[in-house]
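Colleague: Just dropping this structure here.
No lab work stands behind these numbers, since they all come straight from the coordinates. Note that the structure is predicted; figures quoted are calculated from it, not measured. Cβ atoms come from the backbone with ideal geometry, glycine included; neighbour counts cover every protein chain shown.
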Amino acid sequence: ADLSDTRIQLDLPTAVPTTGVMRAGLQGLQVIHRLHMGTPPVEHDGVESNVFPVLLRPIIRQSVPGTYDIQLSPPQTDPNGNVFRVITITLDPEVGARQRVVLLLNEFGNSTDPTAYSFLADIRTAAANTVTFTIPDNAVTTEDYIVRVQVDGAQSMPERDPIETDPITNAPNPTFNQYIEPRLTFP
C-alpha cells in the first residue's frame with residue numbers, strides 16, 4: 001500500500017483474507033532487493049534484510065457486526081453409536097491444510113472457578129476459511145463460553161466490555177474490561 005526508502009506499509013485486514021498468501025501464525029518478513037546485471041539484464045540476489053517475526057492472529061469472521069460465524073450442530077450419532085456435536089467456525093485469513101488449529105472455550109460469567117476446554121480441529125485436506133471441531137457428547141458442560149481459536153500458536157482476540165458503568169442506572173458494570181464476545185452456548 002505504501003513503499004518508500006524507509007517504510008513498507010501493507011494493509012493486512014484488506015490484503016490477507018483475499019490474497020491467500022499469508023496464514024495466521026508466526027510469519028517471517030524479509031525485504032529482498034534483487035539486482036538486474038549483465039547484458040541482457042539477469043536478476044541476481046542483492047541485499048537482504050534480516051528476517052523479522054510477525055505474528056498474525058486469526059479473526060473469527062462476523063457475518064454482520066456482533067454476529068460471529070460460529071455454528072453448533074444438534075447432537076449427531078456416528079455408525080458406532082457415539083454421540084457428538086460439530087462446531088463450525090469461519091476464520092480470516094484462511095487456514096492451511098497442515099496448520100494446527102485449536103478451539104479454546106472459557107466459561108463466561110463464573111469468576112470463582114471457570115471451566116475451560118480445548119479441542120483440536122478436524123483434519124482438513126485443503127486451505128479454507130471454515131474449520132470444524134468434533135466434540136464428543138457430554139465433553140462440555142451446559143454453559144456460556146467465550147470462544148477463541150488458536151492457529152499455529154496465534155490466538156484470536158475476544159472482545160472486551162468497554163463500558164465502565166451502566167448508561168441507564170450509572171451502576172458499576174460487573175463485566176467491565178472482561179471478555180464478552182464471541183460467545184457460544186452449549187445447551
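Colleague: Students often check this: by mean Cβ neighbours within 10 Å, which of 177-184, 62-69 ranks highest, and how do the rest follow?
Modeller: So the order, starting with the most tightly packed, is 177-184, 62-69.
Colleague: Subtract the Cα-Cα distance of Asn80 and Ser111 from 0.36 nm times their separation in residues, and report this length gain in nm to one decimal.
Modeller: Residue separation times 0.36 nm, minus the Cα-Cα distance, leaves 7.3 nm.
Colleague: Any idea what % of Cα-Cα pairs in region 97-187 are farther than 20 Å?
Modeller: Roughly 46 percent, rounded to a whole number.
Colleague: Another question, then. Expressed as a rounded percentage, what relative contact order does the chain have, with Cα pairs under 8 Å and six or more residues apart?
Modeller: This gives 18 percent for the chain.
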